[in-house]
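Report on one structure; see the data block that follows.
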């Protein structure tokens, strides 16, 4: 029961002392309170413990406390302590959600036994929630981070692991690779998923209003500040803040951001009262921040504070085998968005899509999918396969790998259908799949060859 705790509420000091002593002798951790308000501050959906409360309390009584606790978490175990005249009331309260009750005067063994059962129930409840959250997290991540390549499988594993750890992190990657998409996936898969996700494009903030935007201001803080304004950080309390293009912040703002990250507080302009923050920060950039630090444009201590975990989103060039599948999904999304019939994608188009360079990454590929669905064509450059500085042999290999991946995807991973469509032998297909590290299972776990 390591980490579990009992919140014990009774207005009589000698009863608090006796209960605390009995429970601690059994190796249980107890916090005692003389009133309901003190205990209620500790209650949350993820609190790994239970509540034991006397029914008769000054101010907020035990039954009112129980109702407030069950509003926070309907599965929170609450044990009521009753006098002889309150037994009927305690029994009826169990229909309203109380876990159990003990009647005064109670034997220490009776209290310990009831508490242990309640703690076991709480442990199982939280373990089941964690498992459901992890399953849901994997589903959410796979739903938005598409791809069967080794690079994308590794990325999804990393995102799933990081989502469960409530730490600040840095996401890097070229323009258009999906840094915001990955950030939202991390947020949705985390315990903060039901709370706000606030996306702040640091490069688009007006220089004269950036502090007010981030930290908020009080009425009269500056000319034109007619009323109090809550900043973007405050608005995200309980949730996640994405600081996109963080490299564009001025040195002065980097200093203030570092203070907010370290102390988890902000102070509105025109105020001396700090506001506590319960926020996870994700920073995103397409630049090499180590190089920015060396050039004196980015604070090294801010970088160290942000990159507790660093996630790098691979460009499309590093996962070319994903392009056919990704283009097909983007076409389907575009058809739904534009309320158009889902068009067929000819093999020649898919081959050209797979063989082309995409310097704008997923964003550029999405634009091409939109144009295709709208019947606006794909652009004459897709007639040509560009390979940058690659040799002819490398370009041919890339094209061959992309074409095999596209055909496997089109046939759900079926080996027979794939080698027949490509008009090669089964042996030749297996050799090429081995050469290019392509796995049938990656295209369909259920496909039969």
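Below, the figures for the structure above:
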{"item": "Residue in the stretch 307-315 that is under 26 Å from residue 245 (Cβ atoms) and assigned to a helix (DSSP H, G or I) present", "result": "no"}
{"item": "Test for residue 57: is it free of Cβ contacts under 8 Å to residues at least 40 places away in the same chain, out of contact with any strand residue (DSSP E or B) (no Cβ under 6 Å at 6 or more places or on another chain) and surrounded by 15 or more Cβ atoms within 10 Å (Cβ to Cβ)", "result": "no"}
{"item": "Residue 29 vs. criteria at pLDDT 90 or above and over 16 Å from residue 115 (Cβ atoms)", "result": "no"}
{"item": "Spans of helices (runs of 4 or more DSSP H) in the stretch 1-72 with at least 2 residues within 31 Å of the chain's Cα centre (by Cα)", "result": "36-40, 62-72"}
{"item": "Residue match in the stretch 84-92 (condition: assigned to a helix (DSSP H, G or I), out of contact with any strand residue (DSSP E or B) (no Cβ under 6 Å at 6 or more places or on another chain), assigned by TED's automatic domain parsing to the domain that holds residue 18 and surrounded by 17 or more Cβ atoms within 10 Å (Cβ to Cβ))", "result": "yes"}
{"item": "Residue 115 being touching a residue at least 40 places away in the same chain (Cβ under 8 Å), farther than 30 Å from residue 195 by Cα and buried (at least 18 other Cβ atoms within 10 Å of the Cβ)", "result": "yes"}
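The values are calculated or read from the model by the stated rules, or taken from the named source; none is laboratory data. The shown structure was predicted, so the numbers you read here are calculated from the model rather than taken from an experiment. A quick note on method: Cβ atoms are made from the backbone with ideal geometry, for glycine too, and the neighbour counts reach across all protein chains shown.
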